[in-house]
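The values are calculated or read from the model by the stated rules, or taken from the named source; none is laboratory data. Since we're looking at a predicted model, the values are computed, not measured. Note that each Cβ is placed from the backbone with ideal geometry, even for glycine, and that neighbours are counted across all protein chains shown. Surface areas here come from the heavy atoms of the whole protein model, side chains and all, with no ligands, DNA or RNA. Shrake-Rupley method; radii C 1.70, N 1.55, O 1.52, S 1.80 Å.
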Amino acid sequence: MQENIHKRKIIWRNVIILSYVHAVAIYSAINISQCKWQVSLFAFFIANLAAIGITAGAHRLWTHKSYKAKLPLKIILLIFQTLSFQQCIYDWARDHRVHHKYTDTDADPHNSKKGFFFSHIGWLLVNKHPEVINKGKNIDMTDLQNDPLVMWQKKHCNWFLPVVGFLVPVWLSAILFDEQWFHAWNAQCFRYVVGLNLTWLLNSGAHKWGAKPYDKNISPTDTLIMGITCFGEGWHNYHHVFPWDYKTSELSNYGYNFTIAFIDFFAKIGWAYDLKTVSEETIRKRMIRTGDGSNQYSNIKNIYSKEINDSNNNCQPDHKTFDNKFSKNIWGWDDKDLDEEDKLFVHIYNQENKQ
């Protein structure tokens, strides 16, 4: 009984908060001329830092283990992720790992089979399905449990997230630009709501509209507009097929995937290392075997341009075996279902032992 009351309180809290910030965001958009342009620009700047905190931090680093980061970069990404005000890193990564492991099942927190509204925002307004809770308890989180930085944020999230995510940006807006607190607050609410909805679109729109060049049998899709606006996260079909790839796509153009530029920069100065990506030949073979043929967002415009069985593959495991094994959903690099043999097909750049 007590547990049900607690759950209802959480739901109503979510409803009230999300309704409030969306109402403020709409008001801010309508009355944007009342806010100083410097404050609007500052809110846009904070929004971009928060986006990097999600894409390069919570998503690619901590959830999928697609690369490793040294302590200074991890601190930067933790602060950026806190600016997003989207749960603590630990909870964010757990929910996202469960999403990848059990996509479009009752254990998926934002199961796209339940409709666009549910997968976009509705999942936050109802109690979690029991399977989400059960599978969430069983997902491997030992790596983050052993990360003191992540666990510190989790322990102090009740004050750390609102202070860093909202109060500090609002205070800086008011102090630096001599802005009214009311307008400074509204500007930060607006950037927060935009960031939330772009993230949610990856749960809803990126499972509904777009191409499936790599696997036509799953719901995630690739779309150009989300690929660009979501800092490279919109190449969702590729990402669900190869979740350990630090690029989350095969497109290396920074204009299509700004997060790659961020990670590559820190790789050059040695703060990011063990960057994992997939060979072109592996991608080509997967596209031939399971793709829908709409490879318009692929670097490989002609998937049949090379021989399927390269002589060099004789010294490596068979790609078909790799593909068959990958029919199991994988949440990332350290997933126990990703065999050591499979990892032979992954290219690792800027390896730690080479520094």
Using beta carbons and a limit of 9 Å, which pairs, at least six apart or on different chains, have the first residue in segment 7-28 and touching a residue at least 24 places away in the same chain (Cβ under 8 Å) and the second one open to solvent by 70 Å² or more (accessible area, probe 1.4 Å) and part of a helix (DSSP H, G or I)? 21/190; 24/185; 24/190; 25/190; 27/190; 28/34; 28/190
Looking at segment 72-88, which of the residues that are more than 14 Å from residue 150 (Cβ to Cβ) and not hydrophobic (A, V, I, L, M, F, W, C) is modelled with the lowest pLDDT? 86
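Considering 98, 39, 24, 15, which residue is in contact with a helix residue (DSSP H, G or I) (Cβ under 9 Å, 6 or more places away or on another chain), within 23 Å of residue 219 (Cα to Cα) and β-branched (Val, Ile, Thr)?
Just a single option satisfies the conditions, and that option is 98.
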Is segment 170-181 home to any residue that is polar (S, T, N, Q), farther than 25 Å from residue 102 by Cα and under 18 Å from the mean Cα position of the chain (by Cα)? no
Here are some conditions: (1) under 19 Å from residue 211 (Cα atoms); (2) surrounded by fewer than 18 Cβ atoms within 10 Å (Cβ to Cβ); (3) not hydroxyl-bearing (Ser, Thr, Tyr). Residue 286 meets all but one. Which one does it not meet? (2)
Name the residues in segment 155-167 that are surrounded by fewer than 18 Cβ atoms within 10 Å (Cβ to Cβ) and not aromatic (Phe, Trp, Tyr), would you? 155, 156, 157, 158, 162, 163, 167
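So if I check each of 69, 29, 51, 47, which one is open to solvent by 10 Å² or more (accessible area, probe 1.4 Å), modelled with pLDDT under 95 and among the small types (Gly, Ala, Ser)? First the steps, then the outcome.
Details: 69 fails: modelled with pLDDT under 95; 51 fails: modelled with pLDDT under 95; 47 fails: modelled with pLDDT under 95.
Sole residue among the options that is open to solvent by 10 Å² or more (accessible area, probe 1.4 Å), modelled with pLDDT under 95 and among the small types (Gly, Ala, Ser): 29.
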Selection count, segment 141-154, where residues are loosely packed, with under 14 Cβ neighbours inside 10 Å and of a type in the set (Val, Ile, Thr): 1
Assuming residue 122 fulfils every condition listed in (1) modelled with pLDDT under 95; (2) open to solvent by 60 Å² or more (accessible area, probe 1.4 Å); (3) within 20 Å of the chain's Cα centre (by Cα) apart from one, which condition is it? (2)
Those residues of segment 153-167 which are among the aliphatic types (A, V, I, L, M) and either in a loop (DSSP other than H, G, I, E, B) or farther than 17 Å from residue 17 by Cα (or both) amount to 164
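Do we find that residue 325 is at pLDDT below 80 and either open to solvent by 80 Å² or more (accessible area, probe 1.4 Å) or aliphatic (A, V, I, L, M) (or both) in this structure?
Details: at pLDDT below 80: yes; either open to solvent by 80 Å² or more (accessible area, probe 1.4 Å) or aliphatic (A, V, I, L, M) (or both): no.
No; evaluated as a whole, the condition is false for this residue.
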Could you tell me how many of the residues in segment 29-70 are under 28 Å from residue 243 (Cα atoms) and either in contact (Cβ under 8 Å) with a residue 60 or more places away in the chain or among the aliphatic types (A, V, I, L, M) (or both)? 22
